[in-house]
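Below is one structure, written out as structure tokens; comments come after it.
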Amino acid sequence: MTEEQLLETELEQTPAEAADRLREIADAIETTEELTVSDGTITVTVPTPTDSVEYELELEREIGDDADEFELEIELEWSTRREGAPVESEDEEETEE
């Protein structure tokens, strides 16, 4: 399997702006067939999950002299079948002759 990075962005936003963006992503995953993300220059649209989603959450704290810095990473991973891809059955058994 080949991996292709479609988009990576880092923005400085207010807490309200970040929360709004997370809500937009959550709503698209839950209610539409496509998820569109943009960094202002590049826009990428991918199919949303139809079955299960692998969810990973990581929270880190960096302790500083005057302040602590927190980093929250949320990662969602899912698969979708491409049109024309062969359907494989897990129930098929190979027979030896």
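In table form, for the structure just shown:
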{"item": "Assigned charges on the beta-carbon of Lys, Arg, Asp, Glu; the chain dipole about Cα centre (debye)", "result": "740 debye"}
{"item": "Virtual paramagnetic centre 7 Å along Cα→Cβ of Thr45, amide N under 19 Å, in region 2-24", "result": "6-8, 24"}
{"item": "Identified option (computed percent of Cα pairs over 24 Å apart; candidates [x] 12; [y] 68; [z] 42)", "result": "[z]"}
{"item": "Angle between the chain longest axis and helix 15-31 axis [Cα atoms, degrees, rounded to 10]", "result": "10 degrees"}
{"item": "Rel. contact order, % - alpha carbon contacts under 8 angstrom, at least six apart, region 15-77", "result": "21 percent"}
{"item": "Computed [θ] at 222 nm, deg cm²/dmol, the chain (DSSP H ≥ 4; -39,500 (n - 2.57); rounded to nearest 500)", "result": "-6000 deg cm²/dmol"}
{"item": "Extension gain from Glu3 to Ser38, taking 0.36 nm per residue of separation minus the Cα-Cα distance", "result": "10.7 nm"}
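Taken together, the values in this text are just the output of simple stated rules run on the coordinates, not laboratory data. Remember, predicted model here, so these are calculated numbers, not experimental data. We place every Cβ from the backbone using ideal geometry, glycine too, and count neighbours over all the protein chains shown.
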